[in-house]
Every structure is written in C-alpha cells, then in structure tokens.
Amino acid sequence: MKIFATLPAVHRDKQLRTVAEHPLVDALRFNTGMKSHLTPIETLDSYLTAAKGKEFWVDLKGRQLRITQWAVPGFGDIVLNHEIEVNLPTEIYFRREEKSIIRKIQKNKIYVDPPPPKAVGAGQAINIPDDSLRIKGYFTDEDLEYIEAARKLGIKNFLLSFVEEEQDILGLTELILDARIIAKIESRKGMQLIQNSYSNFKIKPTLMAARDDLYINIGEDKTDILPALKLILEKDPSAIVASRLFTSLEEHSEVSLSDLSDFYLMKSLGYNACLLSDGLCSGEKSFLNTMSVLKQFETKKH
C-alpha cells in the first residue's frame, strides 16, 4: 500500500519532521486550506526542504466551498470563497455533518436558519448536496498564487478538489504544461464525469476517492457509496482512497474493529494507495498509532 501523508502546518517543526521522515510514508501532501505565516513560495520551499526528496503534492481547493471568515450565523451572513447559485431552500452541511438550511443567497454570501450550534470559522469546508448547485469559477485566488509559486520552484504534482469537469484538469495544464494531477472525486457530478467522460479525457489524471465529502454528497441512499468506490477503481486501477480512514485513532490509542474492517475492504476492492487525513497526521500520537497499524497490515497476510 502506497501511503500519502498530510503535512502539518509549516510552523510545527517537530510534527513536520515526524510525518515527513517516517519510513513508511511514500508521498507528502500539503493542504493549501491550512494557513501559513509564510508567503506561498516560502511555504512550498519549506515543505520541499522537509520532504527530502520524497514525492510532494500540492492540494488545491478548486471548487471546494469554504468559509472565508469567522461568522455567527444567527446574527448575519456566512461568506464563501465562491459565488453560488442553488434552488432554495436547500441543506448545507458544516463540520461533523451538522446541518442547516440556506434561506437566502447574495453572490458569495449565504443566510441560514436554523443557525448551526457553533460559530463557523475561516477555512472551514462546507457541503451543499443539491444537484441544482452551480459554483462560479474553479481556481481561487489563493490557488493561483500557489500554482505560480509551484511553477517557480519546479513543483509539478497537484491534487485538485471537487473535479466535476474535464476543463478543471485542462485549466491546470494550461498553466503548468507537464503537471501530474490527482483528481479528487467528491460529488455526484464528479461521479457522473468519470462514468461518462473519463475514458475520453485528453489528459487522464489519477483518481482519488475522497470519501468524506463524497459520502455527504452521494445522496440520501448512503449505500450508493459502495458502487461509487468500485466504479472509481474500474475507471482507474491506480486510484487512491482517502478520508475517513482510521478515524478512531484521532481520539483513541486503540484502533476500532470498524476501522480495521474498512481498511481491509478497501484493500480487498483493489485500492493500493491511501491518503491519511489532516486529523490523523496533525497529532504525534494519532499519526504514530496509525503508522503502527499500517505496518501490521503490511507485514501480515490478510
């Protein structure tokens, strides 16, 4: 199993070394949704130094909807990183699947009722699982800054979030001609794209089953996630599975039976690469416990 690990914030030197230098980690991912005190080019250069020659991937946010500033929704609007259009009223999902209803929209500002139980914060991702949703634009301004910084440093490896159109891929290759791309499939539109069009793509990216957002967006029948995971592999046998892996280790020192069974299922389906989340990699204990479990899987025949 090829292991991609998510790097912690650039200022966390000790944990950064723990993740980057672990012998079982094959590739490293920087989530650009994570804030840095450095400029984009300084941030990427610091991560490249820490990677010490290991594969390094820049995860751009693209069409992923994120909150851009702290808000107390009961007292006003929530500002998003993209302008949106959607039939109202419609559900919106916050952290840990807390949800509310969007009642009004003004470009990139939304108004919800009832208010979520907690204030919502800058950088927080949200989901609107409605087929009428239209998100204006793909790359954010910050994405473009990181693409330019990567170009100057010779970085060519990118993950693209919420890929739903072939142009999402072509848009990056227009900026970096020989970019290597992992396309994160996180919505029903993304699934329809690979079902109907992936075989005819001019440039075929590696596919990633980004299960957290895909599970939220899959629809009311959550069992649809299983054929979706199989379809991603059928279209791309080198596909990567990500999100909701070993979540029990984020809070406990012992892995749960459901997490072990889930990982075994992913291997049995044919996934031979996985991406470990921000949550697993941000803490020394959770990260090392996860690597211990993965080592046991690698050394035993299951």
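Just so you know, all these numbers are worked out from the coordinates, no wet-lab data involved. Quick caveat: nothing in here was measured; it's all calculated off a predicted structure. We place every Cβ from the backbone using ideal geometry, glycine too, and count neighbours over all the protein chains shown.
For region 3-73 and region 162-235, what is the centre-to-centre distance using only Cα atoms, to the nearest Å? Distance between centres, Cα-based: 22 Å. Cβ crowding within 10 Å ranks 153, 159, 280 as 153, 280, 159, fewest other Cβ atoms first. Look at 203, 216 and count the other Cβ atoms within 10 Å of each Cβ; fewest to most, that gives 203, 216. Quick one: plug the Kirkwood hydrodynamic radius of region 144-279 (C-alpha pairs) into Stokes-Einstein at 25 °C, 0.890 mPa s, and report D in µm²/s. For these conditions, the coefficient is 154 µm²/s.
The eigenvalues of the Cα gyration tensor, multiplied by 5 and square-rooted, give region 73-134 an equivalent ellipsoid with semi-axes of 16, 12, 12 Å from largest to smallest. Listed by chain and number, the aspartates and glutamates whose alpha-carbon sits under 20 Å from that of residue 35, ignoring those within fewer than 8 places in the same chain, are 13, 45, 59, 141, 142, 143, 145, 148, 278, 284.
The Kirkwood radius of the chain, taken over pairs of alpha-carbon atoms, gives through the Stokes-Einstein law at 10 °C and 1.306 mPa s a diffusion coefficient of 80 µm² s⁻¹.
Other residues with beta-carbon under 14 Å from the beta-carbon of residue 230 carry, at +1 per Lys or Arg and -1 per Asp or Glu, a net charge of 0.
Give a quick list of GluC sites (Glu not before Pro) in region 116-187 that DSSP marks as loop, anything other than H, G, I, E or B, with at most 11 other Cβ atoms within 10 Å. Answer in residue order: 174. Dividing the convex hull volume of the alpha carbon atoms of region 248-298 by its residue count gives 71 Å³ per residue.
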